[in-house]
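The values are calculated or read from the model by the stated rules, or taken from the named source; none is laboratory data. Since the structure is predicted, the reported quantities are computational estimates derived from the model, not experimental observations. Note: ideal-geometry Cβ built from the backbone for every residue, glycine included; neighbour counts use all protein chains shown.
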Amino acid sequence: MALGFGIIGCGMISKFHARAIADVRGSKLIACYNRTLPAAEKLAAEFGGTAYTDLDDFLAHPGLDVVTIGTPSGAHLEPTLAAAKAGKHVIVEKPLEITLKRCDAMIQACREAGVLLGTIFPSRFHRSSQLLKRAVDQGRFGRMTMGDAYVKWYRSQEYYDSGAWRGTWELDGGGALMNQAIHTVDLLTWLMGPVLEISAFTATLAHERIEVEDTATATLRFASGALGVIEATTTAFPGSLKKVELHGSEGSAVLQEEDIIQWEFAKMKSQDANLLEEMSQRTETGGGAADPAAIGHHGHTAIFKDFANAIKKGTPPAIDGAEGRRSVEIILGLYKAAETGKRVAFPLPKDPILKARTAKK
């Protein structure tokens, strides 16, 4: 029997969800929900399913098993709670939510309802990322010494002006870090392990009428003892591919979008030269560096396949709610470090109170 999927939030990202659902064997898009009917009807007309503007009616659609949520970041909690109450499994676009309290409420609601909760971080499923993870787990880097993430993208003023929620603390939850670089923050910490403490600076340098940062830098100390750097911006015209660098006493590797551009170890294996050749020049798009729509949906497809298999096997998905929460915690800690000028230790005891976020209340 096919898994019935429904999409909540029919904006730009919904098309990536719809294409991914179509690529997963045994899955079908059967319902689309949006607060405004034209958006839901447009998505349904293109990809199939029934359009809804009433959430209860959407959740009662016959055969609905899984809902995917692509609403603004600070509006993920409410539809997740409603879906869990209705007994539906839930896949949520990054970030899971914009505060730890809201993340925890989603995780608890799905756990109590006996449904799965997953978060969308496509970069983890790229073959190049999987190869780096395997090399780390095999100890090929020796003593890990540095792990760095660079997201030097460009977004125009028109991008932020295109939606009232963009660039706001209430619904975007942050700027270049929470919206754009969170994919790479997740990837870095998945590869390097837990973060112990962080120091940071943030600034709004090239955009108007936004509450959040468009530029950020941070230094990290990982639990392993390794040090690291995060740089994120939406001001770097014309935009560069995101990059993750891993270094250790016995090896170095650099991932640029989906390309491995460095792969060197003290103990090289026979397949390493072929692997480096095979894993270069794989990036087919701009990776979102200048255009948020300029990404492929293959990463979403891999996540949806994993999630569908988890449902069938009764096992957790690869990126569950707890995994999604981790990058939110790191970014919130980074914001607090930038605000106070002090190092912030992890795990955070509770949601940090950010003056910028509460100033308008």
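If I filter the range 176-193 for residues that are under 17 Å from residue 347 (Cβ atoms), in contact with a strand residue (DSSP E or B) (Cβ under 7 Å, 6 or more places away or on another chain) and not hydrophobic (A, V, I, L, M, F, W, C), do I get at least one hit? Checked the range 176-193: at least one residue is under 17 Å from residue 347 (Cβ atoms), in contact with a strand residue (DSSP E or B) (Cβ under 7 Å, 6 or more places away or on another chain) and not hydrophobic (A, V, I, L, M, F, W, C).
Listed by first and then second residue, the pairs linking a residue in the range 67-83 that is within 17 Å of residue 116 (Cβ to Cβ) to a residue that is outside any helix (DSSP H, G or I) and among the small types (Gly, Ala, Ser), with Cβ atoms under 7 Å apart and 6 or more places separating them unless they lie on different chains, are 67/6; 69/9.
Every residue, every condition in (1) assigned by TED's automatic domain parsing to the domain that holds residue 16; (2) surrounded by 14 or more Cβ atoms within 10 Å (Cβ to Cβ), yes or no:
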residue: 253; (1), (2): no, yes
residue: 266; (1), (2): no, no
residue: 272; (1), (2): no, yes
residue: 277; (1), (2): no, no
residue: 311; (1), (2): yes, yes
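Just checking, does the range 51-66 include any residue being in a loop (DSSP other than H, G, I, E, B), touching a Gly at 6+ places or on another chain (Cβ under 6 Å) and not assigned by TED's automatic domain parsing to the domain that holds residue 172?
The answer is yes; a qualifying residue exists.
One line per residue, one yes/no per condition, for (1) over 24 Å from residue 7 (Cβ atoms); (2) touching a Lys or Arg at 6+ places or on another chain (Cβ under 9 Å):
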site	(1), (2)
262	yes, no
295	no, no
321	no, yes
337	yes, yes
347	yes, no
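Do you know which residues across the range 1-27 are in contact with a Leu (Cβ under 6 Å, 6 or more places away or on another chain), not in a loop (DSSP other than H, G, I, E, B) and not hydroxyl-bearing (Ser, Thr, Tyr)? Hits for the range 1-27 are 4, 5, 6, 18, 21.
So, in the range 129-166, exactly how many residues are of a type in the set (Asp, Glu) and buried (at least 17 other Cβ atoms within 10 Å of the Cβ)? Quick ask: steps written out before the conclusion?
Filtering the range 129-166 for residues of a type in the set (Asp, Glu) gives 137, 148, 158, 161.
Add one more test, that the residue is buried (at least 17 other Cβ atoms within 10 Å of the Cβ), and what stays is 148.
Qualifying residue count for the region: 1.
Scanning the range 33-64 for residues that are exposed (fewer than 15 other Cβ atoms within 10 Å of the Cβ), without any contact (Cβ under 8 Å) to a residue 24 or more places away in the chain and among the small types (Gly, Ala, Ser) turns up just one, 45.
Residue 315 falls short on exactly one of the conditions (1) part of a loop (DSSP other than H, G, I, E, B); (2) among the hydroxyl-bearing types (Ser, Thr, Tyr); (3) farther than 21 Å from residue 24 by Cα; (4) modelled with pLDDT of 95 or more, and that condition is (3).
I'd like the residue in the range 16-32 that is within 23 Å of the chain's Cα centre (by Cα) and in contact (Cβ under 8 Å) with a residue 40 or more places away in the chain and, out of all such residues, is surrounded by the fewest Cβ atoms within 10 Å (Cβ to Cβ). I'd like the intermediate steps shown before the answer.
Initial filter on the range 16-32 (within 23 Å of the chain's Cα centre (by Cα)): 16-24, 27, 29, 32.
Subset that is in contact (Cβ under 8 Å) with a residue 40 or more places away in the chain: 16-17, 19-21, 23-24, 27.
Working: 16: 22, 17: 29, 19: 18, 20: 26, 21: 28, 23: 15, 24: 21, 27: 21.
Checking each candidate, the answer is 23.
Just one residue in the set 358, 340 is under 24 Å from residue 229 (Cα atoms), surrounded by fewer than 17 Cβ atoms within 10 Å (Cβ to Cβ), over 20 Å from the mean Cα position of the chain (by Cα) and not acidic (Asp, Glu); that residue is 340.
Within the range 197-249, being small (Gly, Ala, Ser) and assigned to a strand (DSSP E or B) holds for 199, 200, 203, 216, 218, 228, 232, 248.
Among the conditions (1) among the hydrophobic types (A, V, I, L, M, F, W, C); (2) assigned to a helix (DSSP H, G or I); (3) in contact with a helix residue (DSSP H, G or I) (Cβ under 7 Å, 6 or more places away or on another chain); (4) buried (at least 24 other Cβ atoms within 10 Å of the Cβ), residue 91 misses just one, which is (2).
Output the residue which, of all residues in the range 22-34 that are touching a Gly at 6+ places or on another chain (Cβ under 9 Å) and not aromatic (Phe, Trp, Tyr), is nearest to residue 301 (Cα to Cα).
Kept after step one, since they are touching a Gly at 6+ places or on another chain (Cβ under 9 Å), are these residues of the range 22-34: 22, 27-34.
From the residues that got through so far, the ones that are not aromatic (Phe, Trp, Tyr) too are 22, 27-32, 34.
Numbers: 22: 9, 27: 11, 28: 13, 29: 13, 30: 17, 31: 18, 32: 18, 34: 22 Å.
Step by step, filter the range 22-34, then rank; the result is 22.
Just checking, does the range 116-137 include any residue being outside any helix (DSSP H, G or I) and free of Cβ contacts under 8 Å to residues at least 60 places away in the same chain?
So the first thing to find is which residues in the range 116-137 are outside any helix (DSSP H, G or I), and the list is 116-121, 126.
Filter once more, keeping what is free of Cβ contacts under 8 Å to residues at least 60 places away in the same chain: none.
No, because not a single residue in the range 116-137 is outside any helix (DSSP H, G or I) and free of Cβ contacts under 8 Å to residues at least 60 places away in the same chain.
Evaluate the following for residue 250: is it out of contact with any Leu (no Cβ under 9 Å at 6 or more places or on another chain), among the acidic types (Asp, Glu) and in contact (Cβ under 8 Å) with a residue 40 or more places away in the chain? For residue 250, the condition - out of contact with any Leu (no Cβ under 9 Å at 6 or more places or on another chain), among the acidic types (Asp, Glu) and in contact (Cβ under 8 Å) with a residue 40 or more places away in the chain - is met.
Considering 189, 145, the condition of being touching a Leu at 6+ places or on another chain (Cβ under 8 Å), farther than 24 Å from residue 237 by Cβ and not aromatic (Phe, Trp, Tyr) is satisfied by 145 alone.
For the range 216-227, check the following and say yes or no: at least one residue is at pLDDT 95 or above and within 19 Å of residue 97 (Cα to Cα).
Initial filter on the range 216-227 (at pLDDT 95 or above): 216-227.
Narrowing further to those that are within 19 Å of residue 97 (Cα to Cα): none.
Looking through the range 216-227, none of the residues is at pLDDT 95 or above and within 19 Å of residue 97 (Cα to Cα).
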